[in-house]
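Novice: Quick one: the structure is below, questions incoming.
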């Protein structure tokens, strides 16, 4: 019995554990990436470990999220990131060089290598046969220090693509079809491995769109084989030496197989407020649109923007639509300029915005009140755009461009425009001047007044006492826990950042936690299914920890967020009987939980002292994770057993 692609790469990097679904494994990491919204804390954590230089083959620090410098905070953080990268041997991608995942795909991704990044869309590099996984910043810091990356070995699902996309159907429509089938929950502990004759019809940027947005399903990662299409892409990037032929064995066994015929794929749209709410554009109804945004790490490639430019050439954006367009990288921006496409976009009335994450993370270009915004990015959670009552629809660049022209959600097949055939470049414009190599003699690390020390948790008390501070429902995202957008400027300032926790869900949460701290009582969060969807934003764990949250009881968790909770010493428990969720309320006091005894058992009992009843909870923690929680988090643990 042969190996699938995921097993081949894992086996070649295995440090500990058994490659069996449900077992914890540790793998060595070749590369790491960070971005500025989460990277500042990751480097503060790395500094706290006292390791003189990074030990990976390559680590890259990108600035692409918090690009607006309306105050000193973001600029200070960027200067810190550049100087700390220089000191510890990390490459630094300057603001304006582009979005981390697309730059990394173009310039650093390598088939057969491992990559973890402090961003949930790190699996983008899986388009090139790389084992790329999103993780919390502290996990990335540990990997930079030479530590293994630990995760639960997943089931591997083969996604067979057959047929050929018809004109106006796109890779974005493929991944939306996958999301419609799999939804955004219930896929923890799964890897999607793409194969079949249909992948031969997809370029690397198209594969990247699929791998990128696979994150919305909650899977560990998505991966494609490394084949001649991969080789040609690397040749065009001037990196042929990085290519290897890497495919699954013909007799590889998968845990499940999904089939998608590309001939059947039509232009799709994800309706508000979840990427899983997918329907055909033609079935969505008459929807007047206020804003169209094209770009993000999902859809801002050369091919994407050349198609958009072709559609806009000689035409005008509807006067009622605000349209913004973002090239994913400086490479793309330069190439569409050289080809004349940039001029066509400008002449159409679209706005050209900086190569950054920007609108995708609600940091700029927030739509008007109660607006309908059609976007090509990957998430449409309520409020993520920066406007709480806006409705965001996710589409392909083709649908977005058609919509910008008509002022209403439009299937591009209804425009009567000839479908543009965009040739794959035989050579991309390569200029790495904005990627700063670490110098031999770095200067001092710059620290602005917004930067503090990474907070450390105290060891868990043996007898846990916690008061329910909030009760939330299903599919709570990290955007719900701590919002994106303007709050990002305080990512390196945990006391200030903590004031935003659950701001848009329950504004009284922070004060309840502070009141509990003043009473020497821990806080507890009660949650429904799929708690912690979305971003790898570890501040959704750090800030609750800082506020004294000790315990979360949920119906289920998403992978990255659960790992972050463990890393910061917050105990993630599960209901044995989900009806117990209905009985718990604010401010019930939870007692009778002897930690060391309870964690030695798969099931234990908690007493609701306020209401006078007991209920059962369980955990899925490994021995290593239990040790980390008892220590009060990974930073404490690294200072002890991990050395």
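Here's the yes/no breakdown for (1) under 18 Å from residue 471 (Cβ atoms); (2) surrounded by fewer than 24 Cβ atoms within 10 Å (Cβ to Cβ); (3) modelled with pLDDT of 95 or more:
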residue: 536; (1), (2), (3): no, no, no
residue: 541; (1), (2), (3): no, no, yes
residue: 549; (1), (2), (3): yes, no, yes
residue: 565; (1), (2), (3): yes, no, yes
residue: 572; (1), (2), (3): yes, no, yes
residue: 584; (1), (2), (3): yes, yes, yes
residue: 592; (1), (2), (3): no, yes, no
residue: 600; (1), (2), (3): no, yes, no
residue: 604; (1), (2), (3): no, yes, no
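Novice: Another one. Across the range 275-284, which residue is farthest from the chain's Cα centre (by Cα) among those that are in contact (Cβ under 8 Å) with a residue 24 or more places away in the chain and assigned to a loop (DSSP other than H, G, I, E, B)?
Specialist: My answer is 284.
Novice: Let me ask another. What number goes with the only condition from (1) surrounded by fewer than 16 Cβ atoms within 10 Å (Cβ to Cβ); (2) within 29 Å of the chain's Cα centre (by Cα) that residue 416 does not pass?
Specialist: Condition not satisfied by residue 416: (2).
Novice: Identify all residues within the range 219-257 that are in contact with a helix residue (DSSP H, G or I) (Cβ under 7 Å, 6 or more places away or on another chain) and not in a helix (DSSP H, G or I); write none if there are none.
Specialist: Answer for the range 219-257, where residues must be in contact with a helix residue (DSSP H, G or I) (Cβ under 7 Å, 6 or more places away or on another chain) and not in a helix (DSSP H, G or I): 220, 221, 222, 223, 224, 225, 226, 237, 243, 246, 247, 248.
Novice: Given the structure, is residue 439 within 18 Å of residue 325 (Cβ to Cβ) and part of a loop (DSSP other than H, G, I, E, B)?
Specialist: Values: within 18 Å of residue 325 (Cβ to Cβ): no; part of a loop (DSSP other than H, G, I, E, B): yes.
Taking the combined requirement at face value, the residue does not satisfy it.
Yes/no matrix, rows are residues, columns are (1) within 17 Å of the chain's Cα centre (by Cα); (2) at pLDDT below 95:
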| residue | (1), (2) |
| --- | --- |
| 50 | no, yes |
| 61 | yes, no |
| 67 | no, yes |
| 83 | no, no |
| 91 | no, no |
| 102 | yes, no |
| 132 | yes, no |
| 140 | yes, no |
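Novice: Identify, please: which residue in the range 390-416 is in contact with a helix residue (DSSP H, G or I) (Cβ under 6 Å, 6 or more places away or on another chain) and assigned to a loop (DSSP other than H, G, I, E, B) and is, among those, modelled with the lowest pLDDT?
Specialist: In this case the residue turns out to be 415.
The values are calculated or read from the model by the stated rules, or taken from the named source; none is laboratory data. Computed from a predicted structure; not experimentally measured. Virtual Cβ from ideal backbone geometry, glycine too; neighbours counted across all protein chains shown.
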